[in-house]
Amino acid sequence: GLNFIDLMVRQGNIDNPPKTPLIPGFECSGIVEALGDSVKGFEIGDRVMAFVNYNAWAEVVCTPVEFVYKIPDDMSFSEAAAFPMNFVTAYMMLFEVANLREGMSVLVHSAGGGVGQAVAQLCSTIPNVTVFGTASSFKHEAIKDSVTHLFDRNADYVQEVKRISTDGVDIVLDCLCGENTGKGLSLLKPLGTYILYGSSNMVTGETKSFFSFAKSWWQVEKVNPIKLYEENKVIAGFSLLNLLFKQNRGGLIKGVMDKLLNLYNTKKIKPVVDSLWALEEVKEAMQRIHDRGNIGKLILDVEKAPTPLMANDSTETSEAG
């Protein structure tokens, strides 16, 4: 699976970036080739998906057994590679952090991306949840059925949301950071939860620019604890990778994956795969995410041959998912 965090790793916009050379990637699917001596519950030949602390973009991957899950029979390998990061992140933010319940409302940015689509699907499993989404206008036709109210990411969505819901929303999921932080807080109802789970506005052009990185953070409205107390608002942060690999919550994630796979097996959720790319096409695939051209998840497929490139058409040539 290809995620926005991979772009941040490439640009060094993360805490303690690993030393090069490194193999990127945090999730994958494949067939078990070998087992550790004490591993129980898996056999060679099993179809599995897994979280990996780097090194996922490879033909052979090694990871502790607690991060590995069997793939349902009717799930494809590309769907399985698109499943863990997006759906676990979406599920934990909605149900573990924000306590989503019947009749609530949610604002999600990048509604056409992998997490955005997972959020929309999971919200549809709870009665009467209203989903407000922002996305680039060219994605609206493709995703309009998954979101209750869809806005152009460059429009004044604050006024649009308030026009529909005068007192705002219960949950804001913010992967953009920057100026959207103040806007999101202003839309939060009393007892609402604002969750920062990424900062995709930190990813700059082709090369990293710490100037634009800093500028984006300076636009964040300073959060005043007294104001939070007066307005009854909750601010939270969520990082799945830290939960898995730094805070040793693999057992908690396993429980969430069990619930998600049950939802998949009952046909309530299904990963949206945007496109498949050969390993040699990783630059073009990353550019597609950078340009926010994807609807759903981009997958690197080690068995796929590179697609011959047309002139000036590098992000459009790979096969559609």
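Looking only at segment 83-93, decide whether some residue is of a type outside the set (Gly, Ala, Ser), at pLDDT 95 or above and part of a loop (DSSP other than H, G, I, E, B). Yes, there is a match, as at least one residue in segment 83-93 is of a type outside the set (Gly, Ala, Ser), at pLDDT 95 or above and part of a loop (DSSP other than H, G, I, E, B). Applying the criterion of being polar (S, T, N, Q) and surrounded by fewer than 20 Cβ atoms within 10 Å (Cβ to Cβ) to the residues of segment 286-314, the residue that is modelled with the highest pLDDT is Gln287. Considering only segment 173-186, I want to know if a residue exists there that is closer than 22 Å to Gly296 by Cα, touching a helix residue (DSSP H, G or I) at 6+ places or on another chain (Cβ under 9 Å) and charged (D, E, K, R). Yes, some residue in segment 173-186 is closer than 22 Å to Gly296 by Cα, touching a helix residue (DSSP H, G or I) at 6+ places or on another chain (Cβ under 9 Å) and charged (D, E, K, R).
Checked against (1) in contact with a strand residue (DSSP E or B) (Cβ under 8 Å, 6 or more places away or on another chain); (2) open to solvent by less than 70 Å² (accessible area, probe 1.4 Å); (3) without any contact (Cβ under 8 Å) to a residue 60 or more places away in the chain, Ser165 passes all but a single condition, namely (3). In this structure, is Ala118 under 24 Å from Leu2 (Cβ atoms), crowded, with 23+ Cβ neighbours inside 10 Å and either small (Gly, Ala, Ser) or out of contact with any strand residue (DSSP E or B) (no Cβ under 7 Å at 6 or more places or on another chain) (or both)? Judged against the criteria, Ala118 is a match. Scanning segment 232-253 for any residue that is modelled with pLDDT under 90, of a type in the set (Ser, Thr, Tyr) and not in a helix (DSSP H, G or I) turns up nothing.
Among the residues that make up segment 160-171, is at least one of them β-branched (Val, Ile, Thr) and under 25 Å from Leu240 (Cβ atoms)? Looking through segment 160-171, at least one residue is β-branched (Val, Ile, Thr) and under 25 Å from Leu240 (Cβ atoms). Residues that are open to solvent by less than 60 Å² (accessible area, probe 1.4 Å), under 23 Å from Thr193 (Cβ atoms) and of a type in the set (Phe, Trp, Tyr) do not occur anywhere in segment 254-266. Candidates are the residues of segment 142-162 that are open to solvent by 10 Å² or more (accessible area, probe 1.4 Å), of a type outside the set (D, E, K, R) and outside any loop (DSSP other than H, G, I, E, B); the one that is farthest from Thr89 (Cα to Cα) is Gln159. Taking segment 52-72 as the range and being open to solvent by less than 40 Å² (accessible area, probe 1.4 Å), under 30 Å from Ile126 (Cα atoms) and touching a residue at least 40 places away in the same chain (Cβ under 8 Å) as the test, the residues that pass are Phe67, Tyr69, Ile71, Pro72. Scanning segment 267-285 for residues that are part of a helix (DSSP H, G or I) and either open to solvent by 80 Å² or more (accessible area, probe 1.4 Å) or basic (Lys, Arg) (or both) yields a count of 2. Taken together, Val147, Val97 contain a single residue that is touching a helix residue (DSSP H, G or I) at 6+ places or on another chain (Cβ under 6 Å) and outside the structural domain of Gly250 (by the TED database), which is Val147. In the set Met49, Met75, only one residue is touching a residue at least 12 places away in the same chain (Cβ under 8 Å), open to solvent by less than 10 Å² (accessible area, probe 1.4 Å) and either assigned to a strand (DSSP E or B) or aromatic (Phe, Trp, Tyr) (or both); that residue is Met49.
The values are calculated or read from the model by the stated rules, or taken from the named source; none is laboratory data. Given the structure is predicted, the values throughout are model-derived calculations rather than measurements. We place every Cβ from the backbone using ideal geometry, glycine too, and count neighbours over all the protein chains shown. Please note that ligands, DNA and RNA were not included when accessible areas were found on the heavy atoms of the full protein model with its side chains. Shrake-Rupley method; radii C 1.70, N 1.55, O 1.52, S 1.80 Å.
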